[in-house]
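Participant: Before we start, here is the structure in question, set down as structure tokens.
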Amino acid sequence: MNRFWFFFFSFAGVAAVASFAVAPSMGWWFPAPGPSLSPLGAQIDDLFYMILVITGVTFIGVMIALGYILWKFGSGRGERSTFTHGSHTLEVIWSIIPAGVLLFIALYQMDVWARFRVKSMFDQQAIAHPVAEVTARQFEWRIRYPAPGKTLQDTPQFDDLYTVNDLHVPVGKPAVIRLKSEDVLHSFYLPHLRIKQDAVPGLVIPVWFQCDKVGEFPLVCAELCGWGHYKMKGQLSAQREADFAKYLEELSTSQFDDGVPIAKAEEK
Amino acid sequence: MSTLNPADHLITTHDHETGHAHAAHHEIGFVKKYVFSTDHKIIGIQFLFTTLLMLLLGGTLALGVRWQLAFPWREMPVVGKLLFSAQGGAISPEFYTMLFTMHATVMIFLVIIPILAGAFGNFLIPLQIGADDMAFPTLNMLSYWFMWPAMAFFLGSFFVEGGAAAAGWTSYATLSANPPAAPGSGLGQTMWLMGVTFVGFSSMLGSVNYMTTIINMRAPGMTLFRMPMTIWAMFITAILQAFALPVLTAAGFMLLFERTLGMSFFTPGGLVINNTAPTVGGGQALLWQHLFWFYSHPAVYIMILPAMGMVSDMISCFSRKPLFGYRPMVYSIAAIAGLGFIVWGHHMFTSGMNPALGMTFMVSTMMIALPSAVKTFNWLGTLWGGNLQFTVPLLNSIGFVSMFVVGGLSGIFMAAVPVDIHIHDTYYIVAHFHYVLFGATVFGVFGAIHFWFPKMFGRMMSESVGKVHFILSFIGFNCTFFPMHMLGVAGFPRRLADPYNYQYLEHLLPLNRFITYSALLMGFAQFLLIGNFLYSIFKGKKVGRNPWNANGLEWTAPSPPGHGNFDILPIVYRGPYEYASPLVEEDFLPQTRFLPNEDRHADPYANPH
């Protein structure tokens with residue numbers, strides 16, 4: 001009977017490792033399709049896998065130790081236990097090694113974090129010309145682009161272009177958006193690009209990302225924003241430069257073309 | 001045998017003997033004795049009953065959440081038609097937000113914190129340090145009775161207009177600060193804040209009491225480094241409470257004043273919330289998060305340290321072996337508590353705070369994993385070379401250790417800021433904190449209930465039912481929460497009433513169904529615990545003072561101890577973990593047992609090297 005607990009806890013450990021092993025093939029893994037579509041996302045994935053290896057090895061080590069203990073000392077052998085109060089050497093060893101590993105993990109990550117969040121590390125061209133201003137509100141994403149050929153201003157301009165829940169960016173280069181919130185906290189989450197940033201009322205937060213693949217990807221609100229949080233669904237469309245320019249032109253036309261050609265001429 | 005050991009005949013006669021020094025106590029009536037009692041044991045047991053009841057309620061709320069995630073917008077069985085007739089028996093999205101908010105609120109404020117500090121802290125502290133009661137018995141009574149207004153506010157809020165609070169247990173401003181922002185942001189949110197304030201009163205009264213009692217009322221010979229780990233953990237937890245709680249109370253009042261008196265602490269100007277007039281402004285939304293987490297991160301340790309202490313006691317007892325590395329265990333609890341004050345920012349990596357803070361908090365957060373690792377290794381070291389006795393307390397303690405390992409390791413992922421960008425606010429986080437708070441703490445509590453039950457009621461709980469309960473809970477727990485790691489990696493966000501609204505999450509529905517079935521298994525398994533608990537109070541096997549052959553002072557008192565606890569004043573000669581000591585024939589050596597002079601050097605703590 002006493003061996004039962006060895007098998008019970010060992011099985012739990014094996015099942016845990018096995019479920020991680022099969023997860024990718026079951027689709028219980030990073031959002032499809034496959035690896036991240038952005039260079040920063042790929043770095044985040046690499047860090048994830050690095051930590052997965054370190055913690056995986058630790059987990060397996062601890063489970064083996066626990067399994068050994070249950071097998072060896074749980075047999076109901078009825079012998080007297082070893083009388084010991086600890087070992088200074090062991091305490092030093094198992095303090096210093098994890099400390100070193102943890103410090104390494106912490107310091108090793110700084111660079112990727114800095115690339116994501118420290119403004120001076122952003123692509124200067126991209127930050128000087130943000131693609132759009134994204135304003136989150138219950139329960140939609142309002143997007144304001146500058147008119148083609150112009151730069152986004154802090155205050156809305158008469159020729160700005162507006163859409164809702166549909167953010168277009170050029171593919172293959174860093175795109176900066178200025179993230180705002182009109183009412184409560186929201187979070188701008190692009191799971192396929194591994195990008196997440198809360199939209200905070202009262203702050204304007206620049207967020208950059210780069211999508212290397214043409215296509216449409218979900219934009220998720222990841223911070224509870226009220227009863228309709230679940231339906232605050234947007235879409236990111238990564239387009240070729242020319243298509244993006246064309247999209248803005250079309251947007252401009254549909255927004256301003258009232259059928260009177262003079263207005264258009266004056267504007268130019 | 002020492003002459004100071006209570007003779008066996010006392011065990012049967014304690015009912016008459018224990019009160020001999022307190023003749024007046026025999027006069028107290030039923031109400032004073034069992035309702036408005038100032039006896040720490042009664043208060044502890046009151047806390048235990050209340051929190052177990054709340055555990056069932058919190059679990060039910062969780063099953064409501066699970067139902068929606070497995071069968072979105074489908075009619076809820078049994079209670080659906082009754083509760084949600086307007087929606088054809090299905091949960092409404094606003095009720096869903098209330099469900100997870102109140103699930104967390106009930107579990108954190110009405111179950112985990114009070115069951116550790118309130119139930120076990122109250123019951124064990126005087127018994128384990130050899131005191132006859134707490135330093136401030138009346139404060140102690142108030143600490144229990146302040147829970148009732150809190151419960152009334154929390155539970156009553158479901159029945160007010162707009163329903164219960166719905167801004168998450170974190171109540172992030174500005175959603176929580178502005179009544180138009182959500183249906184539950186009305187009276188429900190105000191009542192939530194009142195409830196939290198009362199829980200705070202309760203914790204603070206307990207905390208003051210525990211600190212004073214532990215510092216001043218230890219039995220002769222009970223030096224600090226002869227205290228059981230449970231007492232160390234309770235002591236440090238009390239310190240954490242005392243320093244962190246005022247911040248939450250202050251923040252709660254600020255939010256209350258903002259909501260009721262229009263003071264804008266957390267709402268900046270010009271916001272148009274739900275098409276109402278623009279806000280006046282002057283506040284900062286991030287301020288709430290800083291204040292909230294300055295309390296609530298230490299609170300995470302308030303929710304685990306006492307369980308760590310109790311598990312250390314149980315593991316040592318059932319390995320029949322001294323605790324491995326007693327002092328490192330004490331220091332690591334202190335380190336966790338100290339570092340716990342400077343890691344709150346790791347809840348806010350994606351919140352938009354200064355990125356340099358993100359780096360700072362990453363380093364401190366990584367470092368807090370170190371004392372946790374040291375504790376785990378020491379538990380394994382304690383088991384290693386032991387003579388393991390697979391009792392229910394030991395099984396639950398091993399469950400605690402193995403799941404704490406999972407919870408600790410998964411924490412490293414989110415401590416790493418860049419990785420946290422992706423997994424923040426996903427089910428990865430949900431998996432992580434349930435592994436720590438449920439997998440570790442609640443299993444530790446399951447063990448502790450079985451372990452100290454004979455002391456509370458003088459009877460044993462059924463071991464075989466306890467084992468079945470452990471097996472089902474362990475399986476149900478792991479099948480519920482382990483797959484959530486994968487959901488999180490797949491980008492499955494928390495708190496969505498209908499995640500399948502996003503196409504990239506649709507394929508995760510079957511996995512969510514599996515999780516819900518596992519959660520049901522785990523939920524129903526708790527009836528075994530409740531049944532075993534209630535049955536054993538009346539019908540369990542009667543036992544004497546020390547059914548586990550344990551060393552602590554509590555085991556020298558009668559079971560259950562009478563008013564005033566000890567019939568013989570305990571004198572402490574050694575630490576609490578002298579199992580398998582070569583000095584005696586038995587494999588345990590109680591703290592109170594006197595040994596002849598030449599053997600006193602057996603106390604390893606008197607002469608550390």
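The values are calculated or read from the model by the stated rules, or taken from the named source; none is laboratory data. Remember, predicted model here, so these are calculated numbers, not experimental data. Backbone-built Cβ (ideal geometry, glycine too); neighbour counts: all protein chains shown.
Participant: Does any residue of the range A:55-67 turn out to be in contact (Cβ under 8 Å) with a residue 40 or more places away in the chain and hydroxyl-bearing (Ser, Thr, Tyr)?
Facilitator: Within the range A:55-67, none of the residues are in contact (Cβ under 8 Å) with a residue 40 or more places away in the chain and hydroxyl-bearing (Ser, Thr, Tyr).
Participant: Among the residues of the range A:215-244, write down those that are within 7 Å of another protein chain (Cβ to nearest Cβ) and of a type outside the set (A, V, I, L, M, F, W, C). So that I can check it myself, show each step before the final result.
Facilitator: Filtering the range A:215-244 down to residues within 7 Å of another protein chain (Cβ to nearest Cβ) leaves A:218, A:220, A:222-231, A:233.
Scanning the range A:215-244 gives A:Pro218, A:Glu223, A:Gly226, A:Gly228, A:His229, A:Tyr230, A:Lys231, A:Lys233.
Participant: From the list A:Phe73, A:Phe139, A:Phe59, A:Phe104, exactly one residue is of a type outside the set (Gly, Ala, Ser) and touching a strand residue (DSSP E or B) at 6+ places or on another chain (Cβ under 8 Å). Which is it? Working first, answer last.
Facilitator: Numbers: A:Phe73 fails: touching a strand residue (DSSP E or B) at 6+ places or on another chain (Cβ under 8 Å); A:Phe59 fails: touching a strand residue (DSSP E or B) at 6+ places or on another chain (Cβ under 8 Å); A:Phe104 fails: touching a strand residue (DSSP E or B) at 6+ places or on another chain (Cβ under 8 Å).
Answer to the selection: A:Phe139.
Participant: Right, something else. All but one of (1) touching a Pro at 6+ places or on another chain (Cβ under 8 Å); (2) at pLDDT below 95; (3) surrounded by 24 or more Cβ atoms within 10 Å (Cβ to Cβ) hold for B:Gly162; which doesn't?
Facilitator: With respect to (1) touching a Pro at 6+ places or on another chain (Cβ under 8 Å); (2) at pLDDT below 95; (3) surrounded by 24 or more Cβ atoms within 10 Å (Cβ to Cβ), B:Gly162 is out only on (3).
Participant: Determine, yes or no, whether B:Pro72 is of a type outside the set (S, T, N, Q) and away from chain A (no Cβ under 14 Å).
Facilitator: So B:Pro72 fails the test.
Participant: Go through the range A:70-181 and tell me which strands (runs of 3 or more DSSP E), entirely inside it, have 1 or more residues that are without any contact (Cβ under 8 Å) to a residue 60 or more places away in the chain and in contact with an Asp or Glu (Cβ under 6 Å, 6 or more places away or on another chain).
Facilitator: A:132-137, A:140-145, A:161-164, A:175-181
Participant: Name the pairs: first residue in the range B:206-219 and without any contact (Cβ under 8 Å) to a residue 40 or more places away in the chain, second residue surrounded by fewer than 24 Cβ atoms within 10 Å (Cβ to Cβ) and of a type in the set (Val, Ile, Thr), Cβ to Cβ under 9 Å, at least 6 apart or on different chains?
Facilitator: These pairs meet every condition: B:Met211/B:Ile239.
Participant: Test of understanding: among A:Pro201, A:Pro206, which residue is outside any loop (DSSP other than H, G, I, E, B) and either assigned by TED's automatic domain parsing to the domain that holds A:Trp141 or crowded, with 18+ Cβ neighbours inside 10 Å (or both)?
Facilitator: A:Pro206
Participant: For the list (1) out of contact with any helix residue (DSSP H, G or I) (no Cβ under 9 Å at 6 or more places or on another chain); (2) in contact (Cβ under 8 Å) with a residue 24 or more places away in the chain, I need the number of the one condition that B:Phe146 fails.
Facilitator: (1)
Participant: Taking the range A:21-71 as the region of interest, how many residues are closer than 25 Å to B:Leu511 by Cα, surrounded by fewer than 18 Cβ atoms within 10 Å (Cβ to Cβ), touching a Leu at 6+ places or on another chain (Cβ under 9 Å) and hydrophobic (A, V, I, L, M, F, W, C)?
Facilitator: 1
Participant: Would you point out the residue of the range B:261-288, among those that are out of contact with any helix residue (DSSP H, G or I) (no Cβ under 7 Å at 6 or more places or on another chain) and outside any loop (DSSP other than H, G, I, E, B), that is surrounded by the fewest Cβ atoms within 10 Å (Cβ to Cβ)?
Facilitator: B:Leu261
Participant: Let me ask you something else. Which ones in the range A:31-56 are at pLDDT below 90, facing chain B (nearest Cβ under 9 Å) and either within 17 Å of A:Ala106 (Cβ to Cβ) or touching a strand residue (DSSP E or B) at 6+ places or on another chain (Cβ under 9 Å) (or both)?
Facilitator: Result: A:Pro31, single match.
Participant: Which of the following residues is surrounded by fewer than 24 Cβ atoms within 10 Å (Cβ to Cβ) and under 23 Å from B:Asn122 (Cβ atoms): B:Ala250, B:Ala219, B:Ala238, B:Ala233?
Facilitator: Selected residue: B:Ala219, the only one of B:Ala250, B:Ala219, B:Ala238, B:Ala233 that is surrounded by fewer than 24 Cβ atoms within 10 Å (Cβ to Cβ) and under 23 Å from B:Asn122 (Cβ atoms).
Participant: What about B:Glu586, is it surrounded by fewer than 16 Cβ atoms within 10 Å (Cβ to Cβ), under 30 Å from B:Arg327 (Cα atoms) and at pLDDT below 95? Full working, then the answer.
Facilitator: Values: surrounded by fewer than 16 Cβ atoms within 10 Å (Cβ to Cβ): yes; under 30 Å from B:Arg327 (Cα atoms): yes; at pLDDT below 95: yes.
Taking the combined requirement at face value, the residue satisfies it.
Participant: Also, I was wondering about something else. Just to be sure before I move on: is B:Phe527 of a type outside the set (Gly, Ala, Ser), under 22 Å from the mean Cα position of the chain (by Cα), assigned by TED's automatic domain parsing to the domain that holds B:Leu437 and surrounded by fewer than 20 Cβ atoms within 10 Å (Cβ to Cβ) in the structure I sent?
Facilitator: In short, yes.
Participant: Looking at B:Ser185, is it buried (at least 19 other Cβ atoms within 10 Å of the Cβ) and free of Cβ contacts under 8 Å to residues at least 24 places away in the same chain?
Facilitator: For B:Ser185, the condition - buried (at least 19 other Cβ atoms within 10 Å of the Cβ) and free of Cβ contacts under 8 Å to residues at least 24 places away in the same chain - is met.
Participant: Right, something else. With B:Ile421, B:Ile471 as the choices, which residue is facing chain A (nearest Cβ under 10 Å), over 19 Å from the mean Cα position of the chain (by Cα) and farther than 30 Å from A:Pro191 by Cβ?
Facilitator: When all the criteria are applied, what remains is B:Ile471.
Participant: To continue, here is another question. Which condition from (1) surrounded by 14 or more Cβ atoms within 10 Å (Cβ to Cβ); (2) within 18 Å of the chain's Cα centre (by Cα) is the one that A:His168 breaks?
Facilitator: If we test A:His168 against (1) surrounded by 14 or more Cβ atoms within 10 Å (Cβ to Cβ); (2) within 18 Å of the chain's Cα centre (by Cα), just (2) comes out false.
Participant: Can you name the condition, by its number, that B:Phe433 falls short on among (1) out of contact with any Phe, Trp or Tyr (no Cβ under 9 Å at 6 or more places or on another chain); (2) within 8 Å of chain A (Cβ to nearest Cβ)?
Facilitator: (2)
Participant: OK, next. In this structure, does B:Phe349 turn out to be within 22 Å of B:Pro418 (Cα to Cα) and in the same structural domain as B:Leu395 (by TED's automatic domain parsing)?
Facilitator: Considered against the rule, which asks whether it is within 22 Å of B:Pro418 (Cα to Cα) and in the same structural domain as B:Leu395 (by TED's automatic domain parsing), B:Phe349 comes out as yes.
Participant: Let me ask something else about it. Exactly one of these conditions fails for B:Val300: (1) in a loop (DSSP other than H, G, I, E, B); (2) out of contact with any Ser or Thr (no Cβ under 6 Å at 6 or more places or on another chain). Give me its number.
Facilitator: For B:Val300, the failing item is (1).
Participant: Another question, if that's okay. Please tell me if B:Ala164 is assigned to a loop (DSSP other than H, G, I, E, B) and not acidic (Asp, Glu).
Facilitator: Considered against the rule, which asks whether it is assigned to a loop (DSSP other than H, G, I, E, B) and not acidic (Asp, Glu), B:Ala164 comes out as yes.
Participant: Let me ask something additional. Look through B:Thr350, B:Thr365 and report the one residue that is touching an Asp or Glu at 6+ places or on another chain (Cβ under 6 Å), surrounded by 23 or more Cβ atoms within 10 Å (Cβ to Cβ) and either farther than 24 Å from B:Tyr577 by Cβ or more than 8 Å from every other protein chain (Cβ to nearest Cβ) (or both).
Facilitator: Checking each option against the conditions leaves just B:Thr350.
Participant: Testing A:Gln109 on (1) assigned by TED's automatic domain parsing to the domain that holds A:Leu161; (2) within 22 Å of the chain's Cα centre (by Cα); (3) not acidic (Asp, Glu), one condition comes back false. Which one is that?
Facilitator: Checking A:Gln109 against (1) assigned by TED's automatic domain parsing to the domain that holds A:Leu161; (2) within 22 Å of the chain's Cα centre (by Cα); (3) not acidic (Asp, Glu), the one that fails is (1).
Participant: Which one of these is at pLDDT below 95, surrounded by 23 or more Cβ atoms within 10 Å (Cβ to Cβ), closer than 30 Å to B:His450 by Cβ and facing chain A (nearest Cβ under 7 Å): B:Gly386, B:Gly358?
Facilitator: Result: B:Gly386 is the single residue among B:Gly386, B:Gly358 that is at pLDDT below 95, surrounded by 23 or more Cβ atoms within 10 Å (Cβ to Cβ), closer than 30 Å to B:His450 by Cβ and facing chain A (nearest Cβ under 7 Å).
Participant: Only one residue in A:Thr89, A:Thr84 is within 8 Å of chain B (Cβ to nearest Cβ), of a type outside the set (A, V, I, L, M, F, W, C) and farther than 30 Å from A:Ala16 by Cβ. Which one?
Facilitator: Selected residue: A:Thr84, the only one of A:Thr89, A:Thr84 that is within 8 Å of chain B (Cβ to nearest Cβ), of a type outside the set (A, V, I, L, M, F, W, C) and farther than 30 Å from A:Ala16 by Cβ.
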